[in-house]
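Step one of this worksheet: look at the structure below.
The values are calculated or read from the model by the stated rules, or taken from the named source; none is laboratory data. Source: prediction; values computed, not measured. Backbone-built Cβ (ideal geometry, glycine too); neighbour counts: all protein chains shown.
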Amino acid sequence: MTKNETESTAGSRFSGCIGWIFCGVFALIGSIVFVFLAVIPVWQIIRAQSWEAVDCTILTSEVESHSGSDSDTYSIAITYAFELGGQEFTGDRYNFSNGSSSGYNGKAAVVDRYPPGSQTLCFVDPNTPSSSVINRSPGWFLLWGLFPIPFMLIGFGGFYALIRWGGELGKPKRRAKKSFSRRQDPVTQDLDPQQAALLAKLDGRPEIPEIRPGPLVLESESSRVINFVVIGIFSVFWNGFVGFFAVDTLRGDGTSWFMLLFLSPFVLAGIAMIGATIHQGLAIFNPKIHLTLSDGDLRLGETYSVSWKLDGRSNRLQQLTLSLEGREQATYRRGTDTRTEHSVFHRHILVDEQRLHFTEGSFSLPIPRDSVPSFKAQRNEIQWRILVAGDIPFWPDVSESFQLWVSPPKAFDEERS
Amino acid sequence: MSFLHLRLDRDALEPGERLTGTVEWDQGDSVAQSLWISLLWHTEGKGTEDSDTVDQVEIHSPTRTGSQSFEFQLPSAPWSFSGRLISLIWTVEASLESTDLLTNAPFISAPEGQEILLRAVEEP
C-alpha cells in the first residue's frame, strides 16, 4: 500500500469514527430524553391505574413560573396531605408530566380547581405511600415524548446507514495507483446462491439474482399497504408533534406571532402529509395487476410473452398503459445527503388500452438487442422494468413497477476463443 | 530506471472471449514479493464508484527484469457502456507489490467490441 492510500484509509477511518460518534450522541441523548419524557410517564400512568384512591386535602396550589432564554414557562406546583393506614403523608405531584411549558391559562385553570383547603381524591401507591398523584390520566404532556424522536431517527438511522454503507464510506477513492483486493472465490464457491449474494453485497461486488427458467410471477416493487402505513405513521408523528406546539402556542398567554409564522410551513407540510396519507389509503382499493412472464430467464434480443390479470374494480379504469423501461440509476453522496438519480435510455409501450373490456390478456415483451443487460452494483445500476399506469377519474391513479433481470444473449454465456 | 509496461493483444473484445497480453518490468533497486495482474471493471460518472476485481494472476518472486504473457477469460457481463449517468470501464492492471509501480490498460468488453452508448430518452 502506498503512503497516499494509507493516509486515505486512515482519513476514512477517522471520518467513519466521527460518524459513529455523531450518531451515538444523537441516539444516546434522544433515547435518554425519550425515556424521561415518554417511557417513564407512560409507565407511571399505567402503574398508577392500580393505586389506591384516598381523600386528600390541598395544602398549597399555584402556577410556578420558570424563566427561560426566550420566554417564561409554567408548571403546576401543588402540595396535599392524606392519611393511609393511620399515618399522615404529603404529596406534591399533580400529574406525571416531567417539566414545564409555555401555556399559562390551562395551568391556572387547574390551580383554580384545587384551592388550598379543598378536598379531592388522590391516588397513592399502597406499597410506597410517598408515591402519589392527583391526576393519573394521560394528557397532552405525553406529546413531549415525540420531541426526541427526530434525534433518535438521526442517531439510529445514521447507525443503519453506517452499517449498510459504512464500507463504501471507508473505501479509498480510486486513483491511478491502488492496491488490489484479493478475490475470495474459493470461499464463495461453496455457498448457496443467497449466501453468495449476501457476501457479494458486503464485498461491494455486483449482485446477480438467481435466474430460474420457466414461467415467473413478477412482484411489484412497492406495496400499497406498506406505503400507506409508512406515510400514515410519519404523518401521525409529524402532525402530533407540530400540532402540540401549535396548540400550545395558541393557548399561551399572548400569542407569539413569530412562533405562529415559524410553525406555519410545518403545519402546511403536515396538511400535505394528511393529504398524501388519504391518497395512499384510497390507492389501496385500486385494481391490482398480476404479471406472469413466459420465461424468467430474459435475454437481450429475445421476445417473450407476458400474461396479465386485473383484480378488483377494473371497470373504473379509463386507460391502462404498460411499458418496458430501461434506465440507469446512480447513487452518490453530496455533503451528508445520499442522492439517487435516474436516466431512462429505453422506453417501449407494450399495452395501451382505452376503456378495458377484458380483465386479463397477454402481450409481447420484446427486449432490444442493441442495449445493455441488467447490472446491479452497490451504487450504480442498469434496471429493466415493466411500468403499469392506469387512469381512474376522481381517484388516485394506478402506478406500479415490476423489475426484470435481463441477461446477455445466450451466445455470450459460452467460452469463446 | 524502473518500469512496468502492460500490452494487450486486442483492446476491443466480445464478452466471453479470451483476453491476452504481456507485462514487462524492471524493478530497479527494489525487490517485489509478487507481481499481480488483475482483470477488473469500475464505474465512472455521477454515481459513487463501484468496482470489482474479476480475476487475478500472481507471479511469485519476479526477477529484477522480465516479461510474462497472461490471459483472462472475460465474463459474459457486465458490458462496457457509457450513459448519461454511468460509464462502465474494463481494465487490466499490473502492479509490483510493495513498490509504487502500477500500470493499467483499458479495453472494451461488449458485442462486436463496441462500447454500448445509452442515450437518454425524454420523459413522457
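Numbers below:
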read-out: Set A:Gly301, A:Gly296, A:Gly326: member being among the small types (Gly, Ala, Ser) and part of a strand (DSSP E or B); value: A:Gly326
read-out: Per-region count, segment A:330-358, residues of a type in the set (Phe, Trp, Tyr) and modelled with pLDDT of 95 or more; value: 1
read-out: Search result, residues across segment B:11-35 that are crowded, with 16+ Cβ neighbours inside 10 Å, within 12 Å of another protein chain (Cβ to nearest Cβ) and either within 12 Å of B:Glu71 (Cβ to Cβ) or modelled with pLDDT under 90 (or both); value: B:Leu13, B:Glu17, B:Leu19
read-out: Residue that is closer than 24 Å to A:Leu121 by Cβ and touching a helix residue (DSSP H, G or I) at 6+ places or on another chain (Cβ under 6 Å), where the choices are A:Ile58, A:Ile40, A:Ile76; value: A:Ile76
read-out: Leading residue by the ranking (nearest to the other protein chains (Cβ to nearest Cβ)) among those in segment B:76-94 that are within 14 Å of B:Leu19 (Cα to Cα) and at pLDDT 95 or above; value: B:Glu93
read-out: Sole residue being more than 14 Å from chain B (Cβ to nearest Cβ) and of a type outside the set (Asp, Glu), chosen from A:Leu322, A:Leu298, A:Leu291; value: A:Leu291
read-out: Lone qualifier among A:Leu365, A:Leu350, A:Leu324, A:Leu404 - being closer than 17 Å to A:His290 by Cα, free of Cβ contacts under 8 Å to residues at least 60 places away in the same chain and either in the same structural domain as A:Arg313 (by TED's automatic domain parsing) or crowded, with 18+ Cβ neighbours inside 10 Å (or both); value: A:Leu350
read-out: Where A:Val344 falls short, out of the listed (1) closer than 27 Å to B:Val121 by Cβ; (2) touching a residue at least 24 places away in the same chain (Cβ under 8 Å); value: (2)
read-out: Residues of segment B:95-120 that turn out to be hydrophobic (A, V, I, L, M, F, W, C), at pLDDT 95 or above and either part of a loop (DSSP other than H, G, I, E, B) or closer than 18 Å to B:Arg18 by Cβ (or both), as a count; value: 5
